[in-house]
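The values are calculated or read from the model by the stated rules, or taken from the named source; none is laboratory data. All of these numbers come straight from a predicted model, not from anything done at the bench. Positions of Cβ are generated from backbone atoms using ideal geometry, with glycine treated the same way; all protein chains shown enter the neighbour counts. In case anyone asks, the SASA skips ligands and DNA or RNA and just uses the protein heavy atoms, side chains included. Shrake-Rupley method; radii C 1.70, N 1.55, O 1.52, S 1.80 Å.
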Amino acid sequence: MTGAPTFERVALIGFGLIGGSIARAARVHNLAGEIVTTARSEKTRARVAELGLVDRVVERNVEAVRNADLVILCIPVGACGPVAQEIAAHLKPGAIVSDVGSVKGAVVRDMAPHLPDGVHFVPAHPVAGTENSGPDSGFAELFINRWCILTPPDGTDAAAIEKLRAFWAAMGAKVEIMTPDHHDLVLAITSHLPHLIAYTIVGTADELAQVTESEVIKFSAGGFRDFTRIAASDPTMWRDIFLSNKEAVLEMLGTFNEDLSKLTRAIRRGDGEALFDHFTRTRAIRRGIVEVGQDSAAPDFGRPHPQLKTP
Ligand code: NAP
């Protein structure tokens, strides 16, 4: 999808997987007259300049947001409040300020008080990602056919919401609007809890050191491998997600523990019928996800493995 630029100047605060993917997609679809980005470290700034994907990479956030029509914070959720405070006085009147954080309630609470009147705050979460991070990890197709959830506070300017919706839609995303609390509850079960389980199981295996050194790695294709992919996700990002979405995650964890106890009991009692019924139900959920196009029916998540080592 191409068309006239929807924003004259877009400022991306942070250039990792998500910031880098937005830059690439915005370029491909011609959605910004100019893209300015910041990155915290010298190393990332040097790499971003080398990649040549943006017009300017600067050190200071306040410099990037000057005269920008759209400012998107693409940084860990725990950093959003302090950065909002830092850039607030330098935002252009009428600018749209957004983010991409995986938690919305805490981000809204942390950012909103700092933003001046006349600036439109439209928080967003593209539900798309990989376990990779850093400036080289992004790609223009990341958002295609993925959801982007907007959580604008009550009373947000409708034209600003529509403009941001159109921006994400042009990058290929399907856009939905919901409240921050509802978003956090839904994502607690669909994303945050699965990550916690992956971090747990990979950590548990690691503690069984004598096994990890040999059999766990050797036989990882038995299921463990897919957990290791999720458990390789960025530690800073996920620390911030669990600290920021504490209540919803704890609520889901409570339900999960009850369900785990039921399955534990079924195994202990040799209740094959209970296990079979449960697994039949979960298999149908997987089919449903494939049917709505959120994954491929191909085995192994449909991912090719060009670098896969053959023994
Ligand atoms: P990433 O690849 O690790 O990139 C993070 C970027 O933020 C880097 O440019 C980093 O700069 C910068 N940064 C880190 N800490 C900062 C701080 N305290 N102040 C200012 N800048 C800082 O991360 P990402 O995957 O793009 O994630 C960014 C956001 O997107 C997070 O809020 C995450 O919740 C959300 N999100 C992630 C995914 C996913 O699957 N990864 C999916 C949807 C949404 P340096 O490189 O210089 O350190």
Checklist outcome for this item: Sorted by chain and number, the residues with a modelled amide H under 5 Å from that of GLY101, at a separation of 5 or more or across chains, are ALA124
Checklist entry - If amide H atoms are built 1.01 Å from N in the plane of the peptide, which residues on other chains or at least 5 residues away come under 5 Å of the amide H of PHE121? => result VAL97
Checklist outcome for this item: Within the under-11-Å Cβ sphere about ALA140, not counting ALA140, Lys/Arg +1 and Asp/Glu -1 give a net charge of +1
Checklist entry - Taking amide H positions as placed 1.01 Å from N in the peptide plane, with prolines and chain starts having none, which residues 5 or more places from VAL58, or on another chain, fall under 5 Å of its amide H? => result THR37, THR38, ALA39
Checklist entry - Of ILE197, ILE230, SER261, which is farthest along the charge dipole of segment 182-295 in the positive direction, counting Lys and Arg as +1 and Asp and Glu as -1 at C-beta? => result SER261
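Under the rule of -39500 (n - 2.57) per DSSP H run of 4 or more residues, summed and divided by the residues of the chain, what mean residue ellipticity at 222 nm is obtained, to the nearest 500 deg cm²/dmol?
Numbers: 12 runs with 140 residues, N = 311.
Calculated mean residue ellipticity at 222 nm is -14000 deg cm²/dmol.
Counting only protein chains, not ligands or nucleic acids, how are THR6, THR280 ordered by accessible area (probe 1.4 Å), most first? Spell out each step's value before the answer.
Details: THR6 50, THR280 75 Å².
Ranked from most to least accessible, the order is THR280, THR6.
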Item to check | the chain, accessible surface, carbon-and-sulfur percent (1.4 angstrom probe) | outcome: 56
Item to check | Environment charge at PHE7 (Cβ cut-off 10 Å; Lys +1, Arg +1, Asp -1, Glu -1) | outcome: -1
Checklist entry - In terms of the Cα gyration tensor, with a ≥ b ≥ c the square roots of its eigenvalues, is segment 182-295 rounded because a/c is under 1.5, prolate because a/b exceeds b/c, or oblate? => result rounded
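Taking K and R as +1 and D and E as -1, what net charge do the other residues with C-beta under 15 Å from the C-beta of ALA23 add up to?
Values: positive: ARG9, ARG24, ARG27, ARG45, ARG47, ARG56; negative: GLU34, GLU50, ASP55, ASP136, GLU141.
Around ALA23, the charge tally is +1.
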Checklist entry - Which angle from 0 to 90°, rounded to the nearest 10, does the C-alpha axis of helix 42-51 make with the longest principal axis of the chain? => result 80
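With a cut-off of at most 13 other beta carbons within 10 Å, and DSSP calling the residue loop, which GluC sites (Glu not before Pro) in segment 4-68 qualify? Please list them.
Details: sites: GLU8, GLU34, GLU42, GLU50, GLU59, GLU63; in loops: GLU59.
The qualifying sites are GLU59.
Just check segment 61-141 against the gyration tensor rule for me: Cα atoms, a ≥ b ≥ c as the square roots of the eigenvalues, rounded for a/c under 1.5, and otherwise prolate or oblate depending on whether a/b exceeds b/c. If you can, show how the numbers build up before the last one.
Working: a/c = 1.96, a/b = 1.52, b/c = 1.29.
Cα axes put segment 61-141 in the prolate bin.
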Checklist entry - For segment 77-225, with every protein chain kept in place, what is the accessible area per residue (1.4 Å probe, Å²)? => result 46
